[in-house]
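A.B. asks: Sharing a structure below in structure tokens format, with a few things to ask.
The values are calculated or read from the model by the stated rules, or taken from the named source; none is laboratory data. This is a predicted model, so every value here is computed, not measured. FYI the Cβ positions are ideal-geometry reconstructions off the backbone, even for glycines, and counts take in every protein chain you see.
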Amino acid sequence: MTPRHRSLAPPELTAGSASCSVVDRRSVVLGLAAVLAGPITGAAQPPGKAVRIGRLSPARPETDAPFLDAFRKGLHELGWIEGQHFVVESGFAEGKPDRLPHLAADLVRRGVDVILAGSNPGALAAKRATTSIPIVMVTTADPVEGGVVPSLARPAGNVTGLTALGHVLNAKRLEALKAAVPNLSRVAVLVNPLSPYTAPFLKERETIARELRMQLRVLEARGPDGLEPAFATIAGERIDALMLLTDIMFITHRRAIVALAGRHRVPAVYGEREFVEAGGLMFYGASLVDMYRRAAVYVDRIVNGARPADLPIEQPTRFELVVNLKSARAIGLTIPPTFLMRADQLIE
């Protein structure tokens, strides 16, 4: 598939709707933290000796590879040379969050200088394993609600990094889905009840459903064996479309999920770009690859003397709408041209 880039600004979906106001009120508060954070620039020079960076990932190595590659690229752009200025020692949970505490403790025992932790559970596991080793997290969840840090502007302790605050965008994703799928009224929301992303959504579900004037049917999948039954329910109840909440298990099995959505001809919106690159219909959110590239700046600053507590947590300033036209054609969906004009990228 060849991507076709658009030069349009990020979409503002159905501005003025009541559901937007729920999200926007929170965005004002969260945006203030981003303003307080300000731009972060690279340090003057790479370290004089090799820094041991412990990568704590909730995913499998092959799933994590694009993110770790982006992080390495970020360090290279700051003048770091792998093997000379840094080495990476990794611990992969293979999609099993209960393994994260053991992996975090192992990285601490190995004496790494910095931990690069993915996801809220990963950051929490690292934080519980050490109070002295700096931790740079990359998460799409809210690290304040998740108990990782007390504040985005003043994270305190030994944890800092980046968050996409992905759950804040759930209403926006549903708006995008409604704009892309004519006559949509019933949407399935696939969740992992064990995920930290599920509870915030469930708190807002009724408000979002009422203000977007749609029915939301929450379906659960605790593991990959729950995916087929969930899609069977979508087909059996003739639900119009699907939104997937962020979860490491879903990301790990994204190709199977995209294949099921295609087989059942279900339009779906995802919170990670990787789903669309695997053949999914639509993505709205921040790029994790870009966030990991930015995480290198935090490591650079910390190695050159900055304290994690003094580095505010960064949020994305730009969100993307990506639509896979090939997938739309495969499920027989005709997307309104006015919606396509809002897209930052169309995949032909």
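A.B. asks: Please verify whether region 329-348 includes one or more residues that are crowded, with 21+ Cβ neighbours inside 10 Å, more than 22 Å from the chain's Cα centre (by Cα) and either assigned by TED's automatic domain parsing to the domain that holds residue 149 or at pLDDT below 95 (or both).
C.D. replies: No; the residues of region 329-348 include none that is crowded, with 21+ Cβ neighbours inside 10 Å, more than 22 Å from the chain's Cα centre (by Cα) and either assigned by TED's automatic domain parsing to the domain that holds residue 149 or at pLDDT below 95 (or both).
A.B. asks: For residues that are assigned to a loop (DSSP other than H, G, I, E, B) and in contact with a strand residue (DSSP E or B) (Cβ under 9 Å, 6 or more places away or on another chain), scanning just region 145-164, find the one that is surrounded by the fewest Cβ atoms within 10 Å (Cβ to Cβ). Give the derivation first.
C.D. replies: Within region 145-164, the subset assigned to a loop (DSSP other than H, G, I, E, B) is 145-158, 164.
If we keep only those that are in contact with a strand residue (DSSP E or B) (Cβ under 9 Å, 6 or more places away or on another chain) as well, we get 146, 148-149, 152, 155, 157-158, 164.
On the way: 146: 19, 148: 28, 149: 25, 152: 23, 155: 25, 157: 15, 158: 20, 164: 25.
Only one residue tops the list, namely 157.
A.B. asks: Scan region 257-278 and report the pairs whose first residue is basic (Lys, Arg) and whose second residue is in a helix (DSSP H, G or I), with Cβ atoms within less than 8 Å and a gap of 6+ or a chain change.
C.D. replies: Here the result reads 263/231; 273/288; 273/289, each pair linking region 257-278 to a residue that is in a helix (DSSP H, G or I).
A.B. asks: Could you list all residues from region 295-348 that are in a helix (DSSP H, G or I) and acidic (Asp, Glu)?
C.D. replies: Passing the criteria: 300, 310.
A.B. asks: Residue 183 - would you say it is under 24 Å from residue 261 (Cβ atoms) and crowded, with 17+ Cβ neighbours inside 10 Å? It would help to see each step written out before you state the result.
C.D. replies: Working: under 24 Å from residue 261 (Cβ atoms): yes; crowded, with 17+ Cβ neighbours inside 10 Å: no.
No, not satisfied.
A.B. asks: Follow-up. Residue under question is residue 266, and the condition is that it be at pLDDT 95 or above, buried (at least 18 other Cβ atoms within 10 Å of the Cβ), closer than 22 Å to residue 68 by Cβ and of a type in the set (A, V, I, L, M, F, W, C); does it hold? Quick ask: steps written out before the conclusion?
C.D. replies: Values: at pLDDT 95 or above: yes; buried (at least 18 other Cβ atoms within 10 Å of the Cβ): yes; closer than 22 Å to residue 68 by Cβ: no; of a type in the set (A, V, I, L, M, F, W, C): yes.
Judged against the criteria, residue 266 is not a match.
A.B. asks: Exactly one condition in (1) assigned to a loop (DSSP other than H, G, I, E, B); (2) out of contact with any Asp or Glu (no Cβ under 8 Å at 6 or more places or on another chain) is false for residue 290; which is it?
C.D. replies: (1)
A.B. asks: Against the conditions (1) touching a residue at least 60 places away in the same chain (Cβ under 8 Å); (2) in contact with a strand residue (DSSP E or B) (Cβ under 6 Å, 6 or more places away or on another chain); (3) more than 15 Å from residue 248 (Cβ to Cβ), where does residue 88 fall short? Just the number, please.
C.D. replies: (1)
A.B. asks: A further question follows. Which residue pairs have Cβ atoms closer than 7 Å, lie 6 or more positions apart in sequence or on different chains, and pair a first residue in region 221-239 that is within 14 Å of residue 251 (Cα to Cα) with a second residue that is not in a helix (DSSP H, G or I)?
C.D. replies: Listed by first residue and then by second, the contacts come to 221/190; 221/192; 222/192; 222/193; 222/194; 224/253; 227/221; 227/253.
A.B. asks: If the requirement is being over 19 Å from residue 238 (Cβ atoms) and either within 17 Å of the chain's Cα centre (by Cα) or not β-branched (Val, Ile, Thr) (or both), which of these qualifies: 216, 194?
C.D. replies: That would be 194, the only listed residue that is over 19 Å from residue 238 (Cβ atoms) and either within 17 Å of the chain's Cα centre (by Cα) or not β-branched (Val, Ile, Thr) (or both).
A.B. asks: State whether one or more residues within region 310-318 are among the aliphatic types (A, V, I, L, M) and in contact with a Pro (Cβ under 6 Å, 6 or more places away or on another chain).
C.D. replies: Applying the first criterion (among the aliphatic types (A, V, I, L, M)) to region 310-318 yields 311, 313.
Filter once more, keeping what is in contact with a Pro (Cβ under 6 Å, 6 or more places away or on another chain): 313.
The answer is yes; a qualifying residue exists.
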